[in-house]
Structure formats: structure tokens, C-alpha cells
Amino acid sequence: MESDYIYQSLDRNMVETIKKRYPAMRVGFIVPLNFGNLVNVDADFIVIEEFSFSSSMQRQARERNMDLLVWTITTPEAARKYMLADVDGIITEIPEEAMKVQDDLRSDQAVSTKLSDAIDLLTGN
């Protein structure tokens, strides 16, 4: 069962206790509000609210070999933005629409679309 599920919690002590006792479990810490540096916690992934996301935070997570998930994504446009930013996962209220966005991104090979997406990423749109 340890490898079949991932666990996440707002309780930092709980996250670190589970990770220490069951190192094979994938355990994540939910950070409801974070600005600046990524919180230092013994976990496999961090879950941050959408408005807390930054490329710096994403870089810090990768440097620590942690995944970074973003929540709660409520629009297809936001899903597209974070998929293009290559976050490790999104938590969403619109799973069907998000999956359609993902399928569209995988199937759209047009240079114009890729250029437009790159410009949006660079300008923060």
C-alpha cells in the first residue's frame, strides 16, 4: 500500500513523522501561503497555492529533488499555464477540462502555438 498512494498534509510534524517512519511512502507538505524561499521540510513534494507559485520556488524544489504541485487550478487557462511551466502536478476542480488541455498540448505541434506559449511564459501571461 505504501507505493500505491501519495499522502499530503498541512501538518508539518505529521508529514515529517510519516516520512521518517515510512521512507518509501511519497509524502507531501501543503503550504497554504508561501512567498520567497521554499519551506524546508522533509517531504517528497510540496503543494502550494496558485498565487504562491514562482519560477524561483520551482527551481528550489528541483534543486532539493522535490516535486512541486500547484492548487487549486480552476480554469483551463491556468491549467495550461502550469502545464507549460512544467510543474510536477496540478490539483484542480476541473479535471476533465484540465485533461483536455493536456491532450491539446500533446497533440498541437504547430510552431505558431509553441512560439505563442513561449512568449506567454516569458511575459508571465
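The values are calculated or read from the model by the stated rules, or taken from the named source; none is laboratory data. Since the model is a prediction, treat every value here as computed from it, not as a measurement. Virtual Cβ from ideal backbone geometry, glycine too; neighbours counted across all protein chains shown.
A few points about this structure:
One line per residue, one yes/no per condition, for (1) touching a Phe, Trp or Tyr at 6+ places or on another chain (Cβ under 6 Å); (2) of a type outside the set (A, V, I, L, M); (3) over 19 Å from Ala98 (Cβ atoms):
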| position | (1), (2), (3) |
| --- | --- |
| Ala24 | no, no, yes |
| Phe29 | no, yes, yes |
| Asp42 | no, yes, yes |
| Glu50 | no, yes, no |
| Ser55 | no, yes, yes |
| Gln58 | no, yes, no |
| Arg62 | no, yes, yes |
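- Close pairs from the range 35-63: first under 23 Å from Met14 (Cα atoms), partner surrounded by fewer than 17 Cβ atoms within 10 Å (Cβ to Cβ) and at pLDDT below 95, Cβ under 6 Å, at least 6 apart: Ile48/Asn34; Ser52/Asn34
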